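Enquirer: Okay, handing you the structure first.
The values are calculated or read from the model by the stated rules, or taken from the named source; none is laboratory data. This is a predicted model, so every value here is computed, not measured. Please note: Cβ atoms are built from the backbone with ideal geometry, for glycine as well, and neighbour counts cover all protein chains shown. Just so you know, the surface numbers come from the protein's heavy atoms only, side chains and all, with ligands and any DNA or RNA stripped out. Shrake-Rupley method; radii C 1.70, N 1.55, O 1.52, S 1.80 Å.
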Amino acid sequence: VQLQASGGGLVQAGGSLRLSCAASARTFSNYVMGWFRQAPGKEREFVAGVSRAGINTYYADSVKGRFTISRDNAKNTVYLQMNSLTPEDTAVYYCAADRGDFIMADVTSYDYWGQGTQVTVSS
């Protein structure tokens, strides 16, 4: 599975961005999808995950209420809508695919990773 993330950029605090991640797999709906991020000098951390059919979602506490993950299985794409951005959200954002059955927050649970897209929030 190849994953291509896009949509990052520079935004002012309080602004919004929508990230997209396009997958090459014809069996995209078989994968739990997740978004992670990694800030300079920090470990990669879970941001949000969505179940195979898009019914269930799970968020890190730090983004709950501000970010929304969704997917369109017909387009093989997962999205991350990010609102009320703060400088603490600055990081490289990665999408990932998991062949497992449940949304996992553990980096090691995911089998395929995209290349990352930079999000920079200025104060």
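Enquirer: What's the magnitude of the charge dipole for the chain around its Cα centre, counting Lys and Arg as +1 and Asp and Glu as -1 at the beta-carbon? Answer in Debye, nearest 20.
Expert: 320
Enquirer: Which length gain, in nm to one decimal place, applies between residue 61 and residue 13 when the Cα-Cα distance is subtracted from 0.36 nm times their residue separation?
Expert: Taking 0.36 nm per residue and subtracting the Cα distance, the gain is 15.4 nm.
Enquirer: Restricting things to alpha carbons, find the Rg to Rh ratio for the range 51-123 using the Kirkwood radius for Rh.
Expert: Across the range 51-123, the Cα-based Rg/Rh ratio is 0.95.
Enquirer: What's the carbon and sulfur percent of the range 1-79's accessible surface, probe 1.4 angstrom, rounded to a whole number?
Expert: Its accessible area is 44 percent carbon and sulfur atoms.
Enquirer: May I ask you to give the solvent-accessible area per residue for the chain, in square angstrom, as obtained with a 1.4 angstrom probe?
Expert: Per residue, the chain has an accessible area of 51 Å².
Enquirer: In addition: With the crude spin-label approximation of a point 7 Å out along Cα→Cβ, what separation in nm comes out for residue 51 versus residue 122?
Expert: 4.2
Enquirer: List the residues whose amide H sits under 5 Å from the amide H of residue 44, counting only those 5 or more places along or on another chain, with H placed 1.01 Å from N in the peptide plane.
Expert: Correct list: empty.
Enquirer: Could you check which residue among 112, 31, 93 shows the biggest mean-square fluctuation in a GNM of the chain with a 10 Å Cα cutoff?
Expert: Of 112, 31, 93, the Gaussian network model singles out 112 as fluctuating most.
Enquirer: Each residue of the range 79-88 in order: what ³J(HN,Hα) in whole Hz does its phi give by Karplus 6.51 cos²θ - 1.76 cosθ + 1.60, θ = phi - 60°, with x for Gly and Pro?
Expert: 10, 9, 8, 10, 10, 6, 5, 10, x, 5
Enquirer: On to the next question. How large is ³J(HN,Hα), in whole Hz, for each residue of the range 53-59 in order, when computed from phi with the Karplus curve 6.51 cos²θ - 1.76 cosθ + 1.60 and θ = phi - 60°, using x for Gly and Pro?
Expert: After applying 6.51 cos²θ - 1.76 cosθ + 1.60, I find 8, x, 7, 9, 9, 8, 10 Hz.
Enquirer: Would you report the distance distribution of C-alpha pairs in the chain as whole percents per 10 angstrom bin, up to the bin with the largest distance?
Expert: Per 10 Å bin, starting at 0, the Cα pair percentages come out as 15, 51, 29, 5, 0.
Enquirer: Right, next: Quick one: which residues, 5 or more positions from residue 15 or on another chain, have an amide H under 5 Å from its amide H? H modelled 1.01 Å from N in the peptide plane, none for Pro or chain starts.
Expert: So residue 15 has HN proximity to 85.
Enquirer: What is the P(r) of the range 1-64, as percent of Cα-Cα pairs per 5 Å bin from 0?
Expert: 4, 13, 19, 27, 21, 10, 5, 1
Enquirer: Based on the mean of other beta carbon atoms within 10 Å per residue, what is the order of 13-21, 44-52, 73-81, most packed first?
Expert: Top to bottom by mean Cβ count within 10 Å: 44-52, 73-81, 13-21.
Enquirer: How many angstrom separate the Cα center of the range 109-123 from the Cα center of the range 15-64?
Expert: What the calculation gives is 9 Å, centre to centre.
Enquirer: Given H placed 1.01 Å from N in the peptide plane, which residues other than close sequence neighbours of residue 32 have an amide H under 5 Å from its amide H?
Expert: Residues meeting the criterion, in which the H sits 1.01 Å from N, are 98, 100.
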